[in-house]
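Peer 1: Mind having a look at this structure? Questions to follow.
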Amino acid sequence: MRRMAIESRRSQMLRGVLDLCLLAVVVDEPAYGYEMTRRLRERGLSTVGEGSIYPLLGRLEREGLVATHREASDGGPPRKYYSASPSGRRALHEGVRAWRDVRGEVDSVLATIEAEVAG
Amino acid sequence: MSAFVDECRREWKRLGVPDLLAEEMATELEADLAEAEADGVSTVEMLGESDPRRFAAAWASERGLVSEPVQETKRRRVWPWVVVAFVLLCLFLISFAFIGVGSGQLGRGPQVQVTPLRRVSVPNVIGMKACKAVRIVAGTGVDDWRILGHEHGYDCDLIVVGQTPAPGNVIRRHVTVTLRLGRS
């Protein structure tokens, strides 16, 4: 039960920044959906919580923050590749700045609690 | 895995997602799930979701392919009101007919014929991005459309540079609207 509550909190916290994580893994090199989850995993984000990256990719696509194209694959159907569009790059930089500000503010508040717990 | 994708396909069909876009999403999902499976990653692990209908609805909704995710509970709550409205409408029509017969006016007034929408006006999608253009064309109610030279998929960022029939033409619903794509 407690584990579920922790997972749920983690999932909620991720929800606000997962779009930034997705943009971050395609800002330098395009990737298809599964390749993106693999890159997230390689950078330490093994689970994205409830839901999936696909609806989020759909929103990023609708908002013009990612560009898409198809490339032939070995033997299979063409894969859909995502890459950060110019407005996606701008959104990523603004989002990362906002995230760092919020993280700093929250850390300042929580740091004292952590000290009390540790003490 | 394919059962999950098949269920998604059915859900997109039910939600009225245009066939071309539904097939595009299904193909993408199928290829990714196959690769994940080869890596030992299950569908649920990969998607964080075990309900294909909920997953399919969320994806289509976020892509802007359906107006709102349909919620079963809301739909159930609406049903009684639909029935009440239908009964009231029947009562109104019956009483209207009696009044008309009584006053001897039935058949004299202008006759209103309700005909189903069989023709649609072709929207102007020239200059729009491919995905947006397809959504708009599908939204008009035409039964079929195709993208010249891109029958197996297309790049959303390509621009519509031509279309037949021309914008503004009123066509029968079954007439195919053809879009031609190019770079901006």
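Peer 1: What share of Cα pairs, in percent, lie more than 17 angstrom apart in the stretch A:25-119?
Peer 2: 64 percent
Peer 1: With every atom except the alpha carbons ignored, what do you get for Rg and Dmax of the stretch B:119-182, in angstroms?
Peer 2: 10.6, 30
Peer 1: To continue, here is another question. Considering only the other residues whose Cβ falls under 11 Å of the Cβ of residue B:11, what net charge follows from Lys and Arg at +1 and Asp and Glu at -1?
Peer 2: Numbers: positive: B:9, B:10, B:13, B:14, B:53, B:54; negative: B:6, B:7, B:51.
Here the count lands on +3.
Peer 1: If Lys and Arg each add +1 and Asp and Glu each add -1, what is the summed charge of the other residues whose beta carbon sits under 11 Å from the beta carbon of residue B:32?
Peer 2: Details: positive: A:38, A:79, A:80; negative: A:35, B:28, B:30, B:35, B:37, B:39.
Once all neighbours under 11 Å are counted, the net charge is -3.
Peer 1: Something else now. Can you tell me the FRET efficiency between residue B:98 and residue B:140 if r is taken as the Cβ-Cβ distance and R0 is 25 Å, rounded to the nearest 0.05? Don't skip to the end; give the middle numbers.
Peer 2: Working: r = 40 Å, r/R0 = 1.61.
In this case the efficiency is close to 0.05.
Peer 1: Still on this structure, please answer the following. Let me confirm one metric for peptide A:54-65, namely the mean number of other chain beta-carbon atoms within 10 Å of its residues' beta-carbons. Don't skip to the answer; put the middle values down first.
Peer 2: Values: counts 14, 11, 3, 4, 9, 6, 2, 6, 8, 2, 4, 0.
Partner Cβ neighbours, averaged per residue: 6.
Peer 1: Sticking with this one: Using a Förster distance of 41 angstrom, determine the FRET efficiency expected from the C-beta separation of residue A:87 and residue A:112, and round it to 0.05. Can you show the working numbers first?
Peer 2: On the way: r = 39 Å, r/R0 = 0.95.
Working from the Cβ atoms, E equals 0.55.
Peer 1: Determine the principal axes of the Cα atoms in the protein assembly as shown, then give the extent along each, sorted from largest to smallest and rounded to whole angstroms.
Peer 2: Largest first, the protein assembly as shown extends 94, 51, 38 Å along its Cα principal axes.
Peer 1: Same structure, new question: Over the stretch B:2-62, what is the relative contact order in percent, taking alpha-carbon pairs closer than 8 angstrom and at least six residues apart? Present the calculation step by step, with values, prior to reporting the outcome.
Peer 2: Numbers: 39 pairs, mean separation 26.7, N = 61.
Across the stretch B:2-62, relative contact order equals 44 percent.
Peer 1: Still on this structure, I have one more. Note down the nm distance, to one decimal, between modelled labels 7 Å out along Cα→Cβ at residue B:34 and at residue A:74.
Peer 2: 1.3 nm
Peer 1: Now for a separate question. Lys and Arg at +1, Asp and Glu at -1: add these up for the other residues within a Cβ distance under 15 Å of residue B:172 and post the number. Could the numbers behind the result be given before it?
Peer 2: Working: positive: B:118, B:119, B:173; negative: B:143, B:144.
That sum, taken over residues with Cβ under 15 Å, equals +1.
Peer 1: Which whole number gives the average, over all residues in B:50-59, of C-beta atoms from other chains lying within 10 Å of the residue C-beta?
Peer 2: Values: counts 0, 0, 0, 0, 1, 4, 2, 1, 7, 9.
Mean partner-chain Cβ count within 10 Å for B:50-59: 2.
Peer 1: Averaged over B:22-28, how many beta carbons belonging to a partner chain fall within 10 Å of each residue's beta carbon? Please report the intermediate quantities before stating the final value.
Peer 2: Working: counts 0, 0, 3, 3, 0, 6, 11.
For this peptide, the per-residue mean of nearby foreign Cβ atoms is 3.
Peer 1: Right, next: May I ask you to derive the FRET efficiency for residue B:86 and residue B:172 from their Cβ-Cβ distance with R0 = 25 Å, giving the value to the nearest 0.05?
Peer 2: Values: r = 30 Å, r/R0 = 1.22.
In this case the efficiency is close to 0.25.
Peer 1: Between the helical axis of A:2-15 and the dominant principal axis of chain A, each derived from Cα atoms, what acute angle in degrees is found, rounded to the nearest 10?
Peer 2: The answer is roughly 60 degrees.
Peer 1: Could you run the Karplus curve 6.51 cos²θ - 1.76 cosθ + 1.60 with θ = phi - 60° over the stretch A:86-98 and give me ³J(HN,Hα) per residue in whole Hz, x for Gly and Pro?
Peer 2: x, 6, x, 5, 5, 4, 5, 5, 5, x, 5, 4, 4
Peer 1: Just want to confirm a number: the relative contact order over chain A, from Cα pairs under 8 angstrom separated by 6+ residues, in percent.
Peer 2: Answer for chain A is 27 percent.
Laboratory data are not the source of any read-out in this text; all were calculated from the coordinates shown. Treat the numbers as computed from the prediction; the structure is a model and nothing was measured. Neighbour counts are summed over all protein chains in view; Cβ atoms, including those assigned to glycine, are modelled from backbone coordinates with ideal geometry.
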